[in-house]
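Data block below; observations after.
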Amino acid sequence: STQSTWETLPGRTLGLFTLESCLGCFCTLQLPFSSRMTAMWEEACNLIIRPERCRYSREMLGPKAFLVRGKRCRRRDFQLRNKRGLLLECSVFEPFEKGAVVSTRVPYVIYGHGNCGSRCDAIDAAVVLLPHNIAVMGLDFSGSGYSEGEFVSLGFFEKDDLGCAVEYLRQQDTVSHIGLWGRSMGAVSSLLYACEDPSISCMLVDSPFTQIPDIVLHLAEIHKIPKLNIRAPKFLVHLVLKFVRKSIRSRAGFDILEVDPINKVGRCRVPVLFAHADSDELVPQSHSEQLVAEFGGDQKNIIRFRGGHNDNRPPFFDEAAVAFFLKYFFGEGNGVSNAEFNIGFFQPPVLQEEWINSPSAALPTPSRVVSPSPPP
């Protein structure tokens, strides 16, 4: 797995948050009512804007030069500065020939991670797409990984980080098309950005949500308050949301009500493939279904599969992703229609390291397991 260790531990998520801890603050602290309310909405704020930050070692990004199904590829690391002046840590995984980048232009896909993720998550996409001559760019969103920034915003500022990455790629002479691939927060960021930039060739959005209040209300309905074994009354949830909104606007500089792709996708025309697990405990599959219904463009599709929000995706998900990007990067000549995918034609290869001075030598990718570190 390319995920950091703590992301796969019980109680941790790749995207979004759980509600038990902030409800527990209200009911279990031995404090006056007003103090308990303050503790609860502060905890709720941190779950949204400051989840545990992913820390990883450089080795987790894989080798600098490697083979994917016999294709020579390389990784380049660099920094970009977004429009808020924050440095973003970025990596590009791209084909190259004889020590140089391929002579012809190739399409690039920018991968957007979840709120507890990092650019390491882009490796999975790179392994899937590189054999088809599609390069992948990963970045630590501002407030995530080793990029600068104190908070995440579940898409509000992350969409601008995607814009920074798009601008960088457009300045390169190796890029033919630009696509987006996002999961959870990264999926919402992709939707929000594509609403503003119709030149994006296509996008794959995995497990996006409609709007933040919908998630909070859903979690309040399915989770019980610790120790009391009761569900939080709706008036309490709405009250918490009111104060959370005010606090986040003051601390992180954005309004959670503006992170609302459901109200924006109606004007988007970028070809899109939605993907959602049927047992997603954090963001129900109905969120993607609502977004599909509201999406303004005609070139839209959705794939459904078994699993939860943070589960590994099944093999046919990778196959559908490849078919989707091939269609919109290289045209209908690949035999892929918008309504169906040739499931079973593709199997993800194994990533191998290649020694530059000894092309015949190949080593498996270093282990990507690392102990969690506290946020800076």
*Do we find a residue being open to solvent by less than 10 Å² (accessible area, probe 1.4 Å) and assigned to a strand (DSSP E or B) anywhere in the range 127-136?*
yes
*Which residue pairs have Cβ atoms closer than 8 Å, lie 6 or more positions apart in sequence or on different chains, and pair a first residue in the range 70-91 that is under 26 Å from Leu130 (Cβ atoms) with a second residue that is part of a loop (DSSP other than H, G, I, E, B) and open to solvent by 40 Å² or more (accessible area, probe 1.4 Å)?*
Lys71/Asn133; Arg74/Lys64; Arg75/Lys64; Leu88/Glu148; Glu89/Tyr146
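State all residues of the range 262-316 that are outside any loop (DSSP other than H, G, I, E, B), of a type in the set (S, T, N, Q) and over 28 Å from Phe330 (Cβ atoms); if no residue qualifies, say none.
Looking only at the range 262-316, we keep the residues that are outside any loop (DSSP other than H, G, I, E, B), and these are 262-263, 265-267, 272-277, 285-294, 300-305, 315-316.
Keeping just the survivors that are of a type in the set (S, T, N, Q) gives 263, 285-286, 288, 290, 301.
Scanning the range 262-316 gives Asn263, Gln285, Ser286, Gln290.
Taking the residues in the range 184-210 that are in a helix (DSSP H, G or I) and among the aliphatic types (A, V, I, L, M) as candidates, determine which candidate is surrounded by the fewest Cβ atoms within 10 Å (Cβ to Cβ). Steps first, answer last, please.
Let us first name the residues in the range 184-210 that are in a helix (DSSP H, G or I), namely 185-194.
Among the residues that remain, those that are also among the aliphatic types (A, V, I, L, M) are: 185, 187-188, 191-192, 194.
Values: Met185: 29, Ala187: 31, Val188: 35, Leu191: 27, Leu192: 24, Ala194: 28.
So, considering only residues that are in a helix (DSSP H, G or I) and among the aliphatic types (A, V, I, L, M), the one surrounded by the fewest Cβ atoms within 10 Å (Cβ to Cβ) is Leu192.
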*Give me the pairs, please: first residue somewhere in the range 211-240 and open to solvent by 50 Å² or more (accessible area, probe 1.4 Å), second residue anywhere and among the aromatic types (Phe, Trp, Tyr) and modelled with pLDDT under 75, beta-carbon distance under 9 Å, and either six or more positions apart or on two chains.*
Leu239/Trp41
*asked:* All but one of (1) open to solvent by 10 Å² or more (accessible area, probe 1.4 Å); (2) touching a Cys at 6+ places or on another chain (Cβ under 9 Å); (3) at pLDDT 95 or above; (4) in a strand (DSSP E or B) hold for Phe96; state the number of the condition that does not hold.
replied: (3)
*Does Glu59 meet the test of being at pLDDT below 95, of a type in the set (Asp, Glu) and either over 24 Å from Gly331 (Cβ atoms) or not in a strand (DSSP E or B) (or both)?*
yes
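Kindly establish whether Glu354 is within 23 Å of Tyr108 (Cα to Cα), exposed (fewer than 15 other Cβ atoms within 10 Å of the Cβ) and either modelled with pLDDT under 95 or β-branched (Val, Ile, Thr) (or both). Break it down stepwise before answering.
Numbers: within 23 Å of Tyr108 (Cα to Cα): yes; exposed (fewer than 15 other Cβ atoms within 10 Å of the Cβ): no; either modelled with pLDDT under 95 or β-branched (Val, Ile, Thr) (or both): yes.
No: the conditions fail for Glu354.
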*Answer yes or no as to whether Gly70 is of a type in the set (Gly, Ala, Ser), open to solvent by 10 Å² or more (accessible area, probe 1.4 Å) and under 22 Å from Val322 (Cα atoms).*
yes
*Among the numbered conditions (1) closer than 22 Å to Ile49 by Cα; (2) modelled with pLDDT under 95, tell me where Ser103 comes up short.*
(1)
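The values are calculated or read from the model by the stated rules, or taken from the named source; none is laboratory data. In this text, all values refer to a predicted model and were calculated from it rather than measured experimentally. No Cβ is skipped: glycine too gets one built from the backbone with ideal geometry, and neighbour counts run over all protein chains shown. Areas reflect the complete protein model, heavy atoms only, side chains present, ligands, DNA and RNA absent. Shrake-Rupley method; radii C 1.70, N 1.55, O 1.52, S 1.80 Å.
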